[in-house]
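The values are calculated or read from the model by the stated rules, or taken from the named source; none is laboratory data. What you are looking at is a predicted structure, and each value in this text was computed from that prediction instead of being measured. For neighbour counting, all protein chains shown are included, and Cβ atoms are generated from backbone atoms with ideal geometry for every residue, glycine included.
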C-alpha cells in the first residue's frame, strides 16, 4: 500500500493497513500507526509518531525542526494522536530542548487548510482548527476547543477546555474554559454556550456556569476577591471548579471580559 513514487527511509516504523500515496516522504525516525492514510505529497520527518487511523492530506509537513533560534538540532519530538484529520498545507514542528522537548497533539483533532502548530505546544483531544490558525510556541490548548479561521495565538498562552475563539482573533492571554474570545486583541465576550450544549451539558449546568462567570468578571470588588468568592460559592460544581483552578494555575495574563451588552454570548 506504498505508492512506487513515495520514499520511505530505512528505520521508519509503518503499522498495518497503512496507505502511503504518491510522492510522500517518510523519514527514518517516523512511526505511523495502523490504518493511517497519507493521501499524496505528505512530508513526515524528524522524530515523529502518528496515531492510528489519522488521515493526512497533500502538502502537509509534520515533524520539521522548530522555528526557534535556540534550536541546535537536538532530537526533539512530535506526537500526533489517533483519528486526526489533517488537511492540506498543515505544518507541525517538533519541540525544543529548552522546554518539554516534544510537541503533542491529542486524538480526534481536525486541522483545516494551512493550520500551524509550533514547537512545544500541547493540543488536547477533539480540537478544531479552521483554516490558517496559527499557534505560537509553548501554547496549551484544552480538549474540545474550537478555533475560527485565521486565529493567531501568542506563545505560552493557555486556552481552556471547551473554549471558542472567533475567527480573525488574536489571542494574547489565557482564555478560561468554556469562554468565547473575540477581537484583534481578543477580549472575553461570553461563554461558548453552543459548544456546551453540543457536549451534552444540561440547562442547569450551563446556568450555573453563567452565574459564576457573571460573578467572577462583573461582580463587586477586586478580581482576586471575586475569584475566592466564586470558588467558595461553587465549591461543589465541577465545571466552575475547573474555571477557578485554571485561573489560579495561570502564570501569565488572563483574557478579561467586556460588557455583555457590547458583545453577547454564543447561544
For region 70-133, which strands (runs of 3 or more DSSP E) that fit wholly inside it have 1 or more residues that are closer than 16 Å to residue 59 by Cβ? 91-93
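Table: residues versus (1) without any contact (Cβ under 8 Å) to a residue 40 or more places away in the chain; (2) on the phi > 0 side of the Ramachandran plot; (3) under 11 Å from the mean Cα position of the chain (by Cα).
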{"residue": "100", "(1), (2), (3)": "yes, no, no"}
{"residue": "105", "(1), (2), (3)": "yes, no, yes"}
{"residue": "114", "(1), (2), (3)": "yes, yes, no"}
{"residue": "117", "(1), (2), (3)": "yes, no, yes"}
{"residue": "129", "(1), (2), (3)": "yes, no, yes"}
{"residue": "133", "(1), (2), (3)": "yes, no, yes"}
{"residue": "139", "(1), (2), (3)": "yes, no, yes"}
Could you count how many residues in region 101-136 are farther than 22 Å from residue 36 by Cβ and either modelled with pLDDT under 95 or buried (at least 24 other Cβ atoms within 10 Å of the Cβ) (or both)? 4
Residue 225: passes all of (1) closer than 18 Å to residue 189 by Cα; (2) without any contact (Cβ under 8 Å) to a residue 12 or more places away in the chain but (1)
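Any chance region 177-186 includes a residue that's touching a helix residue (DSSP H, G or I) at 6+ places or on another chain (Cβ under 7 Å), surrounded by 23 or more Cβ atoms within 10 Å (Cβ to Cβ) and in contact (Cβ under 8 Å) with a residue 40 or more places away in the chain? Please lay out each step first, then the result.
Here is the first cut: in region 177-186, the residues touching a helix residue (DSSP H, G or I) at 6+ places or on another chain (Cβ under 7 Å) are 177-178.
If we keep only those that are surrounded by 23 or more Cβ atoms within 10 Å (Cβ to Cβ) too, we end up with 177-178.
With the extra rule that they be in contact (Cβ under 8 Å) with a residue 40 or more places away in the chain, the set shrinks to 177-178.
Yes, because at least one residue in region 177-186 is touching a helix residue (DSSP H, G or I) at 6+ places or on another chain (Cβ under 7 Å), surrounded by 23 or more Cβ atoms within 10 Å (Cβ to Cβ) and in contact (Cβ under 8 Å) with a residue 40 or more places away in the chain.
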Given the conditions (1) in contact (Cβ under 8 Å) with a residue 24 or more places away in the chain; (2) more than 19 Å from residue 124 (Cα to Cα), report the number of the one that residue 251 does not fulfil. (1)
Considering only region 1-14, how many residues are in contact with a strand residue (DSSP E or B) (Cβ under 7 Å, 6 or more places away or on another chain), part of a loop (DSSP other than H, G, I, E, B), at pLDDT 95 or above and under 16 Å from residue 39 (Cα atoms)? 2
Among the residues in region 195-210, are any surrounded by fewer than 21 Cβ atoms within 10 Å (Cβ to Cβ), touching a strand residue (DSSP E or B) at 6+ places or on another chain (Cβ under 9 Å) and closer than 21 Å to residue 252 by Cα? no
Residue check: is residue 28 over 23 Å from the mean Cα position of the chain (by Cα), in a loop (DSSP other than H, G, I, E, B) and surrounded by fewer than 20 Cβ atoms within 10 Å (Cβ to Cβ)? yes
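Filter region 141-161 for residues that are touching a residue at least 40 places away in the same chain (Cβ under 8 Å) and part of a strand (DSSP E or B); which is surrounded by the fewest Cβ atoms within 10 Å (Cβ to Cβ)?
Taking region 141-161 first, the residues touching a residue at least 40 places away in the same chain (Cβ under 8 Å) are 144, 146, 156-158, 160-161.
Filter again for part of a strand (DSSP E or B), leaving 146, 158.
Values: 146: 22, 158: 25.
By that ranking, first place goes to 146.
Mind checking which residues of region 242-267 are modelled with pLDDT of 95 or more, in a loop (DSSP other than H, G, I, E, B) and in contact with a helix residue (DSSP H, G or I) (Cβ under 9 Å, 6 or more places away or on another chain)? Outline the logic, then answer.
Within region 242-267, the first condition is being modelled with pLDDT of 95 or more, and the residues that meet it are 242-257.
Add one more test, that the residue is in a loop (DSSP other than H, G, I, E, B), and what stays is 250-253, 255-256.
Of everything in region 242-267, just one residue is modelled with pLDDT of 95 or more, in a loop (DSSP other than H, G, I, E, B) and in contact with a helix residue (DSSP H, G or I) (Cβ under 9 Å, 6 or more places away or on another chain), namely 256.
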